[in-house]
Every structure is written in structure tokens, then in C-alpha cells.
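The values are calculated or read from the model by the stated rules, or taken from the named source; none is laboratory data. Note that the structure is predicted; figures quoted are calculated from it, not measured. Virtual Cβ from ideal backbone geometry, glycine too; neighbours counted across all protein chains shown.
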Amino acid sequence: MTDLTQLMLDNSPEMLLLVDPATLQIVKANAPVAKLLGYAPVQMPDMLITDIESALQDVFYWEDARSGQHAEVHNQEGQYRRADGGLLAVTKSIRVLQLEGRVLLLVLATQAQGVREVQDALAQTLSQLRATLESTGNGILVLDWRGNVNAMNRQLSKMWALPEELLRVQNDG
């Protein structure tokens, strides 16, 4: 591999692992894998993918891969075992590659912890907003930019005597 190719791979925001499905050996790993998991870059080619992907579903997947069943995976949540024994939440995809008659599996993974924290914060904010809408004594109707109903509180439905069945249908027209 050329120095430029390795430089490009090592500066990718994704963790990239190339795995031999017959042996489950990590053939190649880019710098973010070693950095985020706490391994020395020279350690990675001596490891099996099951050393870092050890959840039950992962073990079943890799055993299937070893027996020749090379399924692609898209945006699967999982955990990677770090060198210190801790776990790193990831979202991964696996692609099947053919190289000179040889099958290799390319694992692309990104750290999922930041995404999950943002989703949790948004859910909490939305919950607080809904509670605020319901606790006010005023009737509130929230429309999106197209004029569709985005939210409303129960006080508005009482003020306008909107039947419960109409509210369940959610037909803005």
C-alpha cells in the first residue's frame, strides 16, 4: 500500500478494519481503530475480529462468515472491546470485497456514543416542551412552515371542543 493511501486511510473519520473471513484475522486497521480502542497499531494485525467484537450477535455473524456466509451489514449498533477492557458504542457496516479471487470483509465503524447522547438530549428537550405546552392555561397550536399542525395542547382542543376521534385521525385538513 502506498504511503498516500495509508495517509488517507489513517485520516478517515471512520474506523476501518479489513478482515479475512476464513481466519477472522484482522488483515489491516487504520489509525482511528488503534487510537479509539487503545491498541498499538502493530497489535491489530495479530488480533482476531472477535477480540474486539464479542457480543453474542457478533460472534454468530463471524462464525457464519468463517463458514463462507458473507452477508453485508448496514448501520448496526454494537460495542467494541477496548484494550483497557471497557466498551465503545459503535455503529458499523460490513462490506464484502473481492481481491484477486480472495474474499475480504471491510468493517466501517463510527463511534456512536456522541450520536446517542444528542438523541437523548433532544428527547428530553421534546419531553420538557410537551410538558410546558400542556401545563399552560392558554390554548396553543404549533404549525410548521407548510401550515400543517405540528403540535397542540389539550387546552386548545377543549376551547374549540374538538372531538377526541378527530384528534386521533391527525388530519390537518
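With the structure loaded, tell me whether P21 is at pLDDT below 90, assigned by TED's automatic domain parsing to the domain that holds L105 and touching a helix residue (DSSP H, G or I) at 6+ places or on another chain (Cβ under 6 Å) or whether it fails that test.
Considered against the rule, which asks whether it is at pLDDT below 90, assigned by TED's automatic domain parsing to the domain that holds L105 and touching a helix residue (DSSP H, G or I) at 6+ places or on another chain (Cβ under 6 Å), P21 comes out as no.
Matching residues to (1) under 30 Å from N75 (Cα atoms); (2) of a type in the set (D, E, K, R):
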{"position": "S127", "(1), (2)": "yes, no"}
{"position": "E134", "(1), (2)": "no, yes"}
{"position": "G139", "(1), (2)": "no, no"}
{"position": "V142", "(1), (2)": "no, no"}
{"position": "L156", "(1), (2)": "no, no"}
{"position": "M159", "(1), (2)": "no, no"}
{"position": "E164", "(1), (2)": "no, yes"}
{"position": "V169", "(1), (2)": "no, no"}
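Six or more apart or on different chains, Cβ under 7 Å: which pairs go from a residue in region 79-99 that's under 13 Å from Q111 (Cβ atoms) to one that's among the β-branched types (V, I, T) and in a loop (DSSP other than H, G, I, E, B)? Could you list them?
Y80/I52
Those residues that are of a type in the set (G, A, S) and farther than 30 Å from A89 by Cβ, I need them from region 118-173; list them, please.
S135, G137, G139, G147, A151, S157, A161, G173
Filter the strands (runs of 3 or more DSSP E) completely within region 65-173 down to those with at least 3 residues that are over 21 Å from the mean Cα position of the chain (by Cα) and not polar (S, T, N, Q).
Where strands (runs of 3 or more DSSP E) fall fully within region 65-173 and carry at least 3 residues being over 21 Å from the mean Cα position of the chain (by Cα) and not polar (S, T, N, Q), they are 102-111, 141-143, 149-152.
So is L18 farther than 20 Å from L99 by Cβ and either not hydrophobic (A, V, I, L, M, F, W, C) or not in a loop (DSSP other than H, G, I, E, B) (or both) or not?
In short, no.
Tell me which residues, restricted to region 29-56, are touching a residue at least 24 places away in the same chain (Cβ under 8 Å) and part of a strand (DSSP E or B).
L48
Do you know which of the residues in region 58-88 that are of a type in the set (G, A, S) and crowded, with 16+ Cβ neighbours inside 10 Å is modelled with the lowest pLDDT?
Per the stated criteria, the residue is G78.
Given the criterion surrounded by 12 or more Cβ atoms within 10 Å (Cβ to Cβ) and not small (G, A, S), identify the matching residue among L166, L156, L122, L126.
L156
From the list P41, P45, P13, which residue is loosely packed, with under 12 Cβ neighbours inside 10 Å and touching a strand residue (DSSP E or B) at 6+ places or on another chain (Cβ under 8 Å)?
P13
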